[in-house]
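Mind looking over this structure? Questions follow.
Any read-out appearing in this document is the output of simple, stated calculations on the displayed coordinates, not a laboratory observation. This one's a predicted model, so the numbers in the text were calculated from it and none came from an experiment. Don't worry about glycine lacking a Cβ; one is built from the backbone with ideal geometry, like all the others, and counts go over all protein chains shown.
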Amino acid sequence: MLITDRSGLSLLELIVCTIIIGILSTTAVPIARNLVRHQKEELLQEHLRDMRKAIDRFYEKKAAREPGLDDASYYPASLEELVENKMLRKIPVDPFTEKPDWKTRSSTDLPHAEISNAQNVFDVYSASDKIDSRGRPYKNW
């Protein structure tokens, strides 16, 4: 019987371990990338929902306080006005541009207009040119 005091791994064992780690990492990276993208999409939806609700609350309060104005006058002039009137604590950061640089639509803009006349803030959307997992641009959310 041959007894050896061998410790450590053979070259073949190291190669097999390296291949297994390589295979696992190539599957983990796309999964992690999709997970991060999904989390950013959820955050974008939440921020848009919060800002749109704030715009609606602003409209309702101003319409109750000052009846008789034309419809466009009830909307805030800017997103900063929502913060000043405590409808929002702060303007949230767009998770895809990583800046609070939201684009806005006015109530007097044409539907799907690329450029707003900036008369008021009727709607808000992402400034990102990226496309979601279903093929829709984030700016159309």
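Between the alpha-carbon centers of region 7-58 and region 82-108, tell me the distance in whole angstrom.
Answer, in whole Å: 27.
What angle, in degrees between 0 and 90 and rounded to the nearest 10, separates the Cα long axis of helix 11-65 from the longest principal axis of the Cα atoms of the chain?
10
Specify which labelled value, from [x] 50.8, 162; [y] 26.2, 103; [z] 18.1, 65, agrees with Rg and Dmax of the Cα atoms in Å derived from the coordinates of the model shown.
Computed from these coordinates, Rg and Dmax of the Cα atoms in Å corresponds to label [y].
Could you pull out every residue, at least 5 positions away or on a different chain, whose amide H is within less than 5 Å of the one on Val124? Hs are placed 1.01 Å off N in the peptide plane, and Pro or chain starts have none.
Long-range HN contacts for Val124: Arg105.
Here's something else I'd like to know. Scanning the chain for GluC sites (Glu not before Pro) in DSSP loops with at most 12 other Cβ atoms within 10 Å, what's the longest stretch left with none?
Details: sites that count: Glu98, Glu114.
That would be 1-97.
Of the residues Thr97, Thr108, Thr27, which exhibits the maximal mean-square fluctuation in a Gaussian network model of the chain defined by a 10 Å Cα contact cut-off?
Thr27
Also: As an exercise, take the mean of 1/r over every pair of distinct alpha carbons in region 2-85, invert it, and state the Kirkwood radius in angstroms.
Values: mean 1/r = 0.0538 Å⁻¹.
Final number for the Kirkwood radius of region 2-85 is 18.6 Å.
Still on this structure, I have one more. 222 nm [θ] for the chain, helices only, -39500 (n - 2.57) per DSSP H run of 4+, per residue, to 500? Write down the numbers at each step before the final one.
Values: 2 runs with 61 residues, N = 141.
My calculation for the chain gives -15500 deg cm²/dmol from helical runs alone.
Also: Please report how many Lys pairs in region 53-132 have alpha carbons closer than 21 angstrom, counting only residues at least 8 apart along the chain or sitting on separate chains.
16
Suppose every K and R has +1 on its Cβ and every D and E has -1 on its Cβ; what is the size of the dipole of the chain about the Cα centre, in Debye to the nearest 20? Can you show the working numbers first?
Details: 21 positive and 22 negative charges, 49 e Å.
Approximately 240 debye in magnitude.
Which trypsin sites (Lys or Arg not before Pro) does region 57-141 hold that lie in a coil by DSSP with at most 11 other beta carbons within 10 Å? Each step should come with its number before you reach the end.
Numbers: sites: Arg57, Lys61, Lys62, Arg65, Lys86, Arg89, Lys90, Lys103, Arg105, Lys130, Arg134, Lys139; in loops: Lys86, Arg89, Lys90, Lys130, Arg134.
Sparse-neighbourhood loop trypsin sites (Lys or Arg not before Pro): Lys86, Arg89, Lys90, Arg134.
In terms of modelled amide H atoms, which long-range or inter-chain residues lie less than 5 Å from the amide H of Ala118?
Result for Ala118 returns Ser106.
Taking only C-alpha pairs under 8 Å that are 6+ residues apart, what is the relative contact order of region 36-136 in percent?
Values: 120 pairs, mean separation 27.6, N = 101.
Result for region 36-136 is 27 percent.
Alpha carbons only, please: Rg and Dmax for region 100-141, in angstrom.
10.8, 33
Given Leu48, Asn117, Leu82, which one lies farthest toward the positive end of the charge dipole of the chain, if we put +1 on the Cβ of every Lys and Arg and -1 on the Cβ of every Asp and Glu?
About the Cα centre, the residue reaching furthest to the positive side is Leu48.
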